[in-house]
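Undergrad: One structure, as structure tokens, below. Some questions next.
The values are calculated or read from the model by the stated rules, or taken from the named source; none is laboratory data. Note that the structure is predicted; figures quoted are calculated from it, not measured. Heads up, the Cβs are rebuilt from the backbone with ideal geometry, glycines too, and the neighbour counts pull from every protein chain shown. For the accessible areas, the whole protein counts, side chains as well, though only heavy atoms, and no ligand, DNA or RNA atoms are used. Shrake-Rupley method; radii C 1.70, N 1.55, O 1.52, S 1.80 Å.
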Amino acid sequence: MDIEEIRRIPVADFLQRLGHLPTRRQGNRLWYLAPYRKEKGASFNVNLNRNVWYDFGLGKGGDIFSLAGMMVNSCDFKEQAKFINGCFNAVPPEWEHLKYPIYNKVEQPTFEAVEYRTLASYGLLRYLKGWGIPKEVAAAHCEEVRYRNHGKPYFGIAFRNTGGGCEVRSRFFKGCIPPKDISLVANGSSVCHIYEGFMDYLSALTLGIGTGEDQLVLNSVSNLKKAFARLDGYSHIKCHLDNDDAGRRTLAALRKHFEGTEVQVFDCSGLYRGYKDLNEYLQTTTIKKKQNES
């Protein structure tokens, strides 16, 4: 994983990988016993919307990198990144001596007894509503998936990809039922809109962007090469990528790939300039609209 991919990892997922589960939920915040020190009452807080943490007991907080620094007692950025990467793969042996050790090997999710059904769970629809996605948009383009992971039952929002797998999202999990691949919604248009993740795609539909035109969701910027073959033949490619380094690199790669061809690649991020991505823009406009209506 590169720096931006690591930064986008939900802090709650990172903590779960380390074996720490929240003791309670309060709105968009999860409360934990501090993962790097002993305490009797939960004073460690994760803001799900901002993807940051704050320890009220110590008066410290930050992003996933600073949290990793607290876990390994290091301010070295490379050490922090190495630790996070290890948690999502096999944990390197040199971390076994840590004061607050993690598992020697992190178990990867297994997906057994996978069953798809119409998206109707109140909890999942409420979760999507928190992202500004209406029920009718979500139900028309996503499914509900039920599965077992190491014998335990789970469920989440499923967004299918062209390889036969799907992205899975819930309040406490973000992952993929393999294989990992892009998702293409073909409507026979000469114009194709590109998004990094399906939340941005659903946000675009909610905002009325690209109605009747083709839509391609990368499901990870690392899938860009897989998208190239699918994009040949379009006259216009409209990019709705994140306003960060990864998004800018992806846009540059697309323009380089189609350089010298008749395909025109457009940067549509100006619509949500000042916001991290299209979904953050949607959430803000939705809140403002409700405030004006009240």
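Undergrad: Which order do the peptides 23-30, 121-128 take when ranked by the mean count of other beta-carbon atoms within 10 Å per residue, highest first?
TA: Details: 23-30: 12.8, 121-128: 15.4.
Ranked by mean Cβ neighbours within 10 Å, highest first: 121-128, 23-30.
Undergrad: Structure shown: which of LYS129/LYS276; LYS40/LYS82; LYS174/LYS226 lie over 24 Å apart, alpha-carbon to alpha-carbon? Mind dumping the intermediate values first?
TA: Values: LYS129/LYS276 19 Å; LYS40/LYS82 30 Å; LYS174/LYS226 21 Å.
The answer is LYS40/LYS82.
Undergrad: To one decimal place, what Kirkwood hydrodynamic radius in Å is obtained for segment 143-182 from all pairs of distinct Cα atoms?
TA: Working: mean 1/r = 0.0975 Å⁻¹.
By the Kirkwood definition, the hydrodynamic radius is 10.3 Å.
Undergrad: Hey, another quick one. Enumerate the calculated ³J(HN,Hα) couplings along segment 173-189 in order (Karplus 6.51 cos²θ - 1.76 cosθ + 1.60, θ = phi - 60°), each rounded to whole Hz, writing x wherever the residue is Gly or Pro.
TA: Per residue, the Karplus-derived 3J(HN,Hα) values read 8, 9, x, 8, 7, x, x, 7, 7, 7, 10, 10, 10, 9, 10, x, 8 Hz.
Undergrad: Around PHE159, what is the net charge, scoring Lys/Arg as +1 and Asp/Glu as -1 over all other residues with Cβ under 13 Å from its Cβ?
TA: Numbers: positive: ARG160, ARG169, LYS174, LYS180; negative: GLU143, GLU144, GLU167, ASP181, GLU196, ASP200.
Surrounding charge for PHE159 is -2.
Undergrad: Are there any GluC sites (Glu not before Pro) in segment 105-159 that are in a DSSP loop and have at most 15 other Cβ atoms within 10 Å? List them by number.
TA: Working: sites: GLU107, GLU112, GLU115, GLU136, GLU143, GLU144; in loops: GLU107.
Answer in residue order: GLU107.
Undergrad: Mind pulling the per residue volume of the convex hull built on the Cα atoms of segment 191-282? Å³ is fine. Don't jump to the answer; show the numbers that get you there.
TA: Details: hull volume 7.6 nm³, N = 92.
Convex hull volume per residue, Cα atoms: 82 Å³.
Undergrad: A further question on this structure: So, by mean Cβ neighbours within 10 angstrom, what's the order for 235-247, 266-278 with the highest one leading?
TA: Numbers: 235-247: 18.9, 266-278: 16.1.
For the peptides 235-247, 266-278, the packing ranking is 235-247, 266-278.
Undergrad: Taking N as the number of residues in segment 1-79, what is its alpha-carbon radius of gyration divided by 2.2 N^0.38 Å?
TA: Working: Rg = 12.0 Å, N = 79, 2.2 N^0.38 = 11.6 Å.
Cα-based Rg divided by the globular estimate yields 1.04.
Undergrad: Can I ask one more? From the alpha carbon gyration tensor of the chain, can you work out the equivalent ellipsoid semi-axes (sqrt of 5 times each eigenvalue) and give them in Å, largest to smallest?
TA: Numbers: eigenvalues 223, 98, 83 Å².
Taking √(5λ) for each eigenvalue gives 33, 22, 20 Å, largest first.
Undergrad: In the chain, carbon and sulfur make up what percent of the accessible area (probe 1.4 Å)? Intermediate values should be presented prior to the final figure.
TA: Numbers: 7900 of 15350 Å².
Answer for the chain is 51 percent, counting heavy atoms of protein chains only.
Undergrad: Let me ask you something else. Mind checking which of LEU254, VAL191, CYS142 is farthest towards the positive end of the chain's charge dipole, using Cβ charges of +1 (Lys, Arg) and -1 (Asp, Glu) about the Cα centre?
TA: With unit charges placed on the Cβ atoms, the residue in question is CYS142.
Undergrad: How are the alpha carbon pair distances in segment 177-222 distributed across 5 Å bins from zero to the largest one, expressed in percent?
TA: 6, 23, 31, 24, 11, 6, 0
Undergrad: Next up: Over the Cα atoms of segment 38-88, compute the convex hull volume and normalise it per residue, giving Å³.
TA: Numbers: hull volume 4.9 nm³, N = 51.
Output value, Cα hull per residue: 95 Å³.
Undergrad: Calculate for the chain the 222 nm mean residue ellipticity that helices alone would give, adding -39,500 (n - 2.57) per DSSP H run of length 4 or more and normalising by residue count, nearest 500 deg cm²/dmol. Write down the numbers at each step before the final one.
TA: Values: 10 runs with 95 residues, N = 294.
Only helices count here, giving -9500 deg cm²/dmol.
Undergrad: For segment 135-179, with every protein chain kept in place, what is the accessible area per residue (1.4 Å probe, Å²)? Spell out each step's value before the answer.
TA: Values: 2160 Å² over 45 residues.
That works out to 48 Å² for each residue.
Undergrad: Could I ask something else about it? Rank-order 181-188, 147-154 by packing density, defined as the average count of other C-beta atoms within 10 Å over each peptide's residues, highest first. Walk me through the numbers on the way to the answer.
TA: On the way: 181-188: 15.6, 147-154: 12.6.
Sorting 181-188, 147-154 by mean packing, highest first, produces 181-188, 147-154.
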